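Presented below is the structure to which this report refers.
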Amino acid sequence: MKKLFAIMSAVLALAACSKGELAEIEEQKQDNAASNPVTFNITVDKMGTKALKTSWATGDVIYIMFRDIKTKYLTITYNGSTWTAQAYDGTNAATTFDVADFSPVTGKISTAVHFPVTVDASLNSETGVLTFQKDGDNVKTYYLWQTGADYTLDGANVNLTLSLQKPYHTVMFHIPGIQDNVDDYKLYITKESVNLDYNTWRSINSGNPSYEDIINAADDGFQGVADADGALFAAFVYNGIGLGEAQNYTFTVKSPVQQYTISGSLTLNAGYQYSLPALSSNKWTPKFKFSVSSTKKVFFAPGNLQATTTDYGATWTWNFAAHQYDYIGNATANTDINGVKTVSQNGTVDLFGYVGVSANDANDCYGINNSTDYRDYGAQKSDILKHDWGTLEIGSYPAGTWRSIETDEIYYLLNSRTVSHTNLPDGTNSSEARFTRAKVCGVRGLIIFPDNYNHPNDITVAGSSRSYNASSAFNSFIVSAEPDWNKMVDAGAVFLPAAGLREGTTISDAGTYGNYWTGEGYSEYSYSYCWYFNDTYCTYASYQRKNGCSVRLVQDL
């Protein structure tokens, strides 16, 4: 089924039409008599060639380039019933097409492309190449395209029929169980024989799509697109090398906090979609393991817990810090706690009291308060003795995804577990390198290494010495550059900033002490266990519950 749309180069809403009826659109006349604006009559096929999609959806965008016109491109956007159109110039400013734009055209050929994710387009007016990015990265995901589509110019009317298809050599992989935060995941592919090492994404120009850069799937990964029950990833296989042949593959999925791998023999064919196990399946092997007992392993949340209010404490939203080294310090609501769950300023809190006066109120019982009364004489006494921020919905993570770490688990993690590391800087005692005090991107804190850690070869680590465990100091392990730290994160390292302690409305020792709650109360009414570190100690103690400490959650493997 085809729907015919007359699309202008200015933003226009197309009138709804009945089946088979042509939507006729009159272009708004320009006051400038010298201009001769173009009307586009574009027929867009109903899609039957896109995986998991058989029709256009609200927000879909098609980008169109015309050969020999290097300074402008056209977009058409679907709103669920009609399309709107807009032309852009080389500065990405809204513009219009004019008949004069087509005067240098020698071959009336167009190129059209559609992405299943929102992208940023950039036109090079000298070369006529239109490239795309998502969140600052070149787009490396599947899309629909058509190259070499002929059009006609009849006076001021451009007539074009589009029939977008999946790019040749596209192979897709579906993984259930990834939802909401699909953009945070990437799929990496390696193999024993020459195959998916060489992949490419393409920019488009006014003629045919041009190869941009060759991408190594093992280094750069593929972005995912959300669907009803997971994520769809796609690889563009360079020249189809190895397709149709049984190969041994290793697939790696990277999340913000973990890597999962699965291996096996598979025969891949272009144009097909392959179903991989859900990430919750035990067929995937997690990479970054931190043993917290002889039988239990965890991995850490991507940053310290934060809570933000925009209505002075009536409600809170929960998230993790954007970077592992981020903390609030003396700012906004963090220092303006003036009663149970109340603040005098809107803002973000990351130093939490252990528990409030009522376990029936999520804001109270998770410590957005400065109350001196932490007793609860009713049925909630057990909640006073033990609390877990992981029962909250945090960002896109459902309630119950995370949990608080226990005191004995911290002791085992830092003092007892067996570790195996390679390539540690000056790592003469690498078999005991469970943690080190450090400075990461200018922030003092504690680096915890996973059970198996391979230190990246090409990062810069400074410091007075490379000491690990109890003898380390903040200046003994310095990672100044964020790209270097990101490589350590990719290898599994975890960093906890020394974010200080809140007592009432006063924050002390930010940058010198790290204080982190465990999930255990110390006494019935007043104290709970916290583990802390400074330039000399790394141990646990009991703190008054009204004090504000950091929270870093874990997830069981």
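Of note:
- Those residues of region 506-557 which are among the basic types (Lys, Arg) and closer than 21 Å to ARG437 by Cβ, in sequence order: ARG552
- Verdict on THR118 being surrounded by 17 or more Cβ atoms within 10 Å (Cβ to Cβ) and either outside the structural domain of ALA156 (by TED's automatic domain parsing) or modelled with pLDDT under 90 (or both): no
- Matching strands (runs of 3 or more DSSP E) fully within region 127-175 where at least 1 residues are of a type in the set (D, E, K, R) and modelled with pLDDT of 85 or more: 144-154
- Exactly one residue among SER528, SER542, SER550 is modelled with pLDDT under 85, in contact with a strand residue (DSSP E or B) (Cβ under 7 Å, 6 or more places away or on another chain) and surrounded by 24 or more Cβ atoms within 10 Å (Cβ to Cβ), and that residue is SER528.
- Exactly one residue among THR512, THR506 is in contact (Cβ under 8 Å) with a residue 60 or more places away in the chain and out of contact with any strand residue (DSSP E or B) (no Cβ under 9 Å at 6 or more places or on another chain), and that residue is THR506.
- Conditions (1) closer than 26 Å to PHE299 by Cβ; (2) touching a Phe, Trp or Tyr at 6+ places or on another chain (Cβ under 9 Å); (3) at pLDDT below 90; number of the one not met by TYR537: (2)
- The residue of region 503-525 that is surrounded by the most Cβ atoms within 10 Å (Cβ to Cβ), among those that are at pLDDT below 85 and part of a strand (DSSP E or B), is GLY521.
- Tabulated pairs, region 280-302, first within 20 Å of ALA399 (Cα to Cα), second outside any loop (DSSP other than H, G, I, E, B) and acidic (Asp, Glu), C-beta under 6 angstrom, 6+ apart or interchain: VAL298/ASP556
- Across region 403-437, the qualifying residues are those that are closer than 19 Å to PHE300 by Cβ and assigned to a loop (DSSP other than H, G, I, E, B), and the one among them that is modelled with the lowest pLDDT is ALA433.
- Lone unmet requirement of (1) under 23 Å from GLU432 (Cβ atoms); (2) modelled with pLDDT under 90 for ASP458: (1)
- Note on region 268-288: residues that are in contact with a Gly (Cβ under 8 Å, 6 or more places away or on another chain) and at pLDDT 85 or above amount to 1.
- Scanning region 304-325 for residues that are of a type in the set (Gly, Ala, Ser) and either buried (at least 23 other Cβ atoms within 10 Å of the Cβ) or within 15 Å of TRP517 (Cβ to Cβ) (or both) returns ALA307, GLY313.
- Comparison of THR261, THR295 shows that the only residue that is assigned to a strand (DSSP E or B) and surrounded by fewer than 21 Cβ atoms within 10 Å (Cβ to Cβ) is THR261.
- Residue match in region 280-287 (condition: touching a helix residue (DSSP H, G or I) at 6+ places or on another chain (Cβ under 9 Å), assigned to a loop (DSSP other than H, G, I, E, B) and either assigned by TED's automatic domain parsing to the domain that holds GLY244 or not aromatic (Phe, Trp, Tyr) (or both)): no
The values are calculated or read from the model by the stated rules, or taken from the named source; none is laboratory data. Everything numeric here is computed off the predicted structure, so don't read it as measured data. Cβ atoms come from the backbone with ideal geometry, glycine included; neighbour counts cover every protein chain shown.
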